[in-house]
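A short worksheet on the structure shown next.
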Amino acid sequence: LVFEEGEHNFVGKDMNNKTSSLQVITENLCSPQITLYEHIGFQGRSRIIREATNLAARHDNDIVSSHKVQRGAWLLCEHRDGSGMQYIAREHEHLPNYKAIDFNDKLSFLRPLRPGQGC
């Protein structure tokens, strides 16, 4: 689950009383940027993304195999509606092979985590 800045009174019935740990995002979320690569090892076609992007709307659906995060933190999603498997990619993360996270050729939608009131 991803909780962005704000108040959250309820985490959903499936997670209520089951949370054992949290990871706080400390990155500056202003001006996010991630570079996606078609193949492992940052090879093949690349695409720089700076905003929420539905890859299923173009020819980039389910072909991404690696990334480099230049700025911000990103929510990577298996399905175009943001559902399915999800992964948080954080600033300065260079992930050369999506097989390591069982995400190879599965990315359909991504968006930067929303900055709070600081931007």
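A quick yes/no check of all residues on (1) touching a Ser or Thr at 6+ places or on another chain (Cβ under 6 Å); (2) at pLDDT 95 or above; (3) of a type in the set (Phe, Trp, Tyr):
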| site | (1), (2), (3) |
| --- | --- |
| Cys30 | no, no, no |
| Tyr37 | yes, yes, yes |
| Ile40 | yes, yes, no |
| Ile48 | yes, yes, no |
| Thr53 | no, yes, no |
| Ala56 | yes, no, no |
| His59 | no, no, no |
| Ser65 | no, yes, no |
Worksheet item: Which of the residues that make up segment 67-96 are out of contact with any Asp or Glu (no Cβ under 9 Å at 6 or more places or on another chain), open to solvent by less than 20 Å² (accessible area, probe 1.4 Å) and farther than 14 Å from Glu4 by Cβ?
Response: Leu76, Cys77, Ala89
Item to complete: Give the residue, chosen from Asp102, Asp81, Asp60, that is at positive phi and either more than 10 Å from the chain's Cα centre (by Cα) or hydrophobic (A, V, I, L, M, F, W, C) (or both).
Response: Asp102
Worksheet item: Could you say whether any residue in segment 14-24 is without any contact (Cβ under 8 Å) to a residue 24 or more places away in the chain, open to solvent by less than 90 Å² (accessible area, probe 1.4 Å) and touching an Asp or Glu at 6+ places or on another chain (Cβ under 7 Å)?
Response: no
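The values are calculated or read from the model by the stated rules, or taken from the named source; none is laboratory data. Keep in mind that what you see is a predicted model, and the values were worked out from it rather than measured. Every residue, glycine among them, receives a Cβ derived from its backbone with ideal geometry; neighbour counts consider all protein chains shown. Surface areas here come from the heavy atoms of the whole protein model, side chains and all, with no ligands, DNA or RNA. Shrake-Rupley method; radii C 1.70, N 1.55, O 1.52, S 1.80 Å.
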